[in-house]
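Heads up, the thing below is written out as structure tokens.
Read-outs: derived from the displayed coordinates by stated rules, not from any lab. Note that the structure is a prediction, hence the values are computed from the model and not measured. Cβ: placed from backbone, ideal geometry, glycine included. Neighbour counts: every protein chain shown.
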Amino acid sequence: MPTEVLMPALSPTMEKGNLSKWLKKEGDKVKSGDVIAEIETDKATMEVEAVDEGTLGKILVPEGTADVAVNTPIAVILSEGEDKGAIKDARPSPLEKAAESAPPAKAEKPAAPVPPQPKAPEAPAVHAASDPDIPEGTEMVTMTMREALRDAMAEEMRRDKDVFVMGEEVAEYQGAYKVTQGLLQQFGAGRVIDTPITEHGFAGLGVGAALAGLKPIVEFMTFNFAMQAMDQIVNSAAKTLYMSGGQMGCQIVFRGPNGAAARVAAQHSQDYSSWYSHIPGLKVIAPSNAADAKGLLKAAIRDPNPVIFLENEILYGHSSPVPKLDDFVLPIGKARIARPGNDVTIVAWSMGMSYALQAAEQLAKEGIDAEVIDLRTLKPMDVDSIIASVQKTGRAVTVEEGWKQSGVGAEIAAQIMELAFDYLDAPVARVTGKDVPMPYAANLEKLALPSVAEVIEAAKAVCYR
Amino acid sequence: MASPKKAPSADAKAFDGRPVPDFSKDEELAAYRTMLTIRRFEEKAGQMYGMGLIGGFCHLYIGQEAVVVGMQLVLKPGDEVITGYRDHGHMIATGMEPKGVMAELTGRAHGYSKGKGGSMHMFSVEKGFYGGHGIVGAPVPLGTGLAFANKYRGNKNICLTYFGDGAANQGQVYESFNMAELWKLPVVYVIENNRYAMGTAITRSSAETNLSRRGISFNIPGEQVDGMDVRAVKAAGEKAAEWCRAGKGPYILEMLTYRYRGHSMSDPAKYRTREEVDEVRTHHDPIDMVRHRILEKKLATEDALKKIDTAVRDLINDAAEFATHDPEPDAGELYTDVYR
């Protein structure tokens, strides 16, 4: 039986990749462990190894093919004694299948079924073009959030020699999630600094450098690891200005992916939005699209206060338009109406915007006109924008991946109650992560996270529909 | 702990047997004055705490004065100093005004932090004093970061990062040691080993009680210093500072010292004997030793020293007076300085 070689996933969130190169050709003998091809995503490059001994019978996906879905058969390996004729038993390549334009044949199940790769939630169709802070008629360029973040750092590093970036794998490895790609080459090892795996130590070192007047960007590989650095962030970075009577501040950005990625379980899937937004002295930003990521990261780097910049691994690879401006900086503390509407206000940020916008589209089909607010900054929170919207709609739903108790949604609900009680036609509803550590199993993980269906249900509930 | 040199002696030796250079007349007199200022300041702070004028935690530096005064002598303009919460001595040694420090202790408007920091959280950008930090061990990465900034800017400045024998067991200390040596940062780690971390003797808390050896696995040189002899402190400090300024990386100095008072004002000090404290006070007091040398070598007369004593007392009394009558911060200060 010929063995299929499948397009591998490089990370829990990878859905597709490019087949950049075949290192073996049809007819070549291969043994287990031989590198037969190279694949890449915008995040990383990886070698594909043969898992069986035999002959490379057929290449199903030619090199240079872009966007090959994970688990697509890319080649067939024949074992001893088998000839090419055996290949017809194997699944046709998707390319051939597409060419045939036949009605979708039931794909033959592989002998050892591979569980379907978890599908990351769809990217929010967020476009920043409606942002009043972007001048009308500005040319837009489409880029990934990853590129937008990198460009923001590079622009600020060019602008100010006191800005530098440090963290685990930010330099030679080009970033664990490739956010700092190319910065080492551009700015050198003095300003793009690989640290040991010591979050407590290097976060404190960054704060010390900031007390001395430098402007560090400290990357946490993920915010899960920043718990080790919590004391330095809260006690040293956030409080020193106050404790020194205004003498000594701390201009520093702590950034990295926050929240659930996919299938990395409890210790690597946590949303820290409410943790940091609890602390006076910190500013907290959580963008949902490339333009906001760029404009707000530039603002964060220039802000004289410590800023927590919460990114999202799933969003890194998503593309959206970014204004082509020499110096695009957005104001911190300003929400954006991502979708205007009249019936119910949905407040979200970061990944939550994905659920919110999809829900709004479906609600529209059912005659409910939702207004979606992208909070963008969690602290200081743009309460005015939320209140103005609720005064119009009379109903509100909050969406977050974090847990319900003491979550950001709880704060939004309290603000609405205090400032717009008389405008409310229904109690505020909160869609949140479930009150459990993040499970590993694909089905349970899905249940633990908020869903589009839950947002729709909540919106209908507050509309008494 | 290897005990500090007994009795006041004119020719001190470092623990490795090297002779410690004598101070000049001016150095002896300046050291005497500054150490005495710290001693009198702390005694006054203790009294005022007892009177209810100072609140919260108040950690006195009495007994350890030679450490900061000796180390301060090796600093150049632009160098930084950072420490934990037993910080009053460091502030006075860096040249901060006793008035401003005392007014901060009483939580008044003209304290160094406008009354918002208190005993453990005071700073002076002007004097290169970066705090004053309340969390054990936290100043070590911060001081390493200050040194990082020196290296980043390519100046020849160094950072003195003080911490105690208790903090020496914190994980972040070793994370910092690793980066400091890896990146050759100009930081002198000054471990003030006063033998007790709050109430726990070093022998009960530390597997390796020779703290100067704590950098060995990072290739950081270290040495023990008689922290009761200001001359030994300065000599060791010069060597360490030179090492750092030459770009060779960090250096560890373990100062063997002793605090006479409790960990904080609220410490009943049941963990050590009265005899132990008296022995150090009588035979190893850092100020008595300087005074003795000055008189023995006839660098100044009793009368001249008395004049210094009086001037110091007046300075401290003025500070106490000021701190007692300075108004509390305006209520409007509650919301200032959270962001800038």
Given the options A:Asn224, B:Gly100, B:Pro19, identify the residue whose Cα lies farthest towards the positive end of the charge dipole of the protein assembly as shown (+1 on Cβ of Lys, Arg; -1 on Cβ of Asp, Glu). B:Pro19
Protection proxy (average C-beta count within 10 Å per residue), highest first, orders A:233-241, A:350-358 as A:350-358, A:233-241
Can you list the DSSP H helices in chain B whose Cα atoms extend at least 20 Å along the helix axis and whose mean Kyte-Doolittle hydropathy is -1.0 or higher? B:25-50, B:139-153, B:230-245, B:302-325
Within 10 Å of the Cβ of an average residue in B:330-339, the count of other chain Cβ atoms is 4
What is the order of A:Cys463, B:Cys159, fewest Cβ neighbours within 10 Å to most? A:Cys463, B:Cys159
Report, ordered by chain and residue number, the lysines lying within cross-link reach of A:Lys404, taken as a straight Cα distance under 20 Å and ignoring same-chain residues fewer than 8 apart. A:Lys379, A:Lys434, A:Lys446, A:Lys460
Compute the separation of the alpha-carbon centres of the stretch B:271-287 and the stretch A:392-411 and state it in Å as a whole number. 61 Å
Which of the trypsin sites (Lys or Arg not before Pro) found in the stretch A:291-350 are loop residues per DSSP with 12 or fewer other Cβ atoms within 10 Å of their Cβ? A:Lys324
Nearest 5 is fine: what % of DSSP beta bridges in the stretch A:336-462 come out antiparallel, could you say? 20 percent
With +1 assigned to the C-beta of every Lys and Arg and -1 to the C-beta of every Asp and Glu, and no other charges, what is the dipole magnitude of the protein assembly as shown about the Cα centre in debye, to the nearest 20? 1620 debye
Selection from B:Tyr335, B:Ile287, B:Leu75 lying farthest towards where the dipole of chain B points positive, charges on Cβ: B:Leu75
Per-residue counts of other Cβ atoms within 10 Å, averaged by peptide: what ranking do you get for A:283-292, A:217-226, A:360-369, B:328-337, highest first? A:283-292, A:217-226, A:360-369, B:328-337
On average, how many beta carbons from a partner chain sit within 10 Å of the beta carbon of a residue in A:156-163? 1
Taking a straight Cα-to-Cα line shorter than 30 Å from B:Lys99, and setting aside same-chain lysines fewer than 8 residues away, one finds A:Lys239, B:Lys25, B:Lys44, B:Lys76, B:Lys114, B:Lys116, B:Lys127, B:Lys234, B:Lys306, B:Lys307
With the dipole of the protein assembly as shown worked out from charges on the C-beta (+1 for Lys and Arg, -1 for Asp and Glu) around the Cα centre, which of A:Ala265, A:Ile301, A:Thr198 lies farthest toward the positive end? A:Thr198
Taking the Cα atoms of chain B, what is the range of coordinates along each of the three principal axes, in descending order and whole Å? 52, 51, 41
Alpha-carbon centroid distance for the pair the stretch A:131-177 / the stretch A:1-70, whole angstrom: 32 Å
Roughly how big is chain A's charge dipole about its Cα centre, with Cβ charges of +1 (Lys, Arg) and -1 (Asp, Glu), in debye to the nearest 20? 400 debye
Ordered by packing density, taken as the mean number of other Cβ atoms within 10 Å over each peptide's residues, highest first, how do A:153-162, A:185-194, A:12-21 rank? A:12-21, A:153-162, A:185-194
Within a 10 angstrom radius of the beta carbon, how do A:Tyr316, B:Tyr189 rank from fewest other beta carbons to most? A:Tyr316, B:Tyr189
Can you put B:Met48, B:Met35 in order of Cβ neighbours within 10 angstrom, beginning with the fewest? B:Met48, B:Met35
Sum of -39500 (n - 2.57) over DSSP H runs of 4+, divided by residues of chain A (222 nm, nearest 500): -7500 deg cm²/dmol
Report the charge-dipole magnitude of the stretch B:98-200 in Debye, nearest 20, computed about the Cα centre from +1 at each Lys and Arg Cβ and -1 at each Asp and Glu Cβ. 400 debye
Give me the inter-chain shielding for B:147-155: mean count of other chain Cβ atoms within 10 Å, whole number please. 5
Length-normalised contact order of chain B in % [C-alpha pairs under 8 Å, at least 6 apart]: 25 percent
Quickly work out the A:Ser20-to-B:Ser24 label distance, labels modelled 7 Å from Cα along the C-beta direction, and quote it in nm with one decimal. 6.6 nm
Describe numerically, in nm with one decimal, the distance between label points set 7 Å from Cα along Cα→Cβ at B:Tyr335 and at A:Val141. 4.3 nm
Run through the DSSP bridge list for chain A and note the antiparallel percent, rounded to the nearest 5. 50 percent
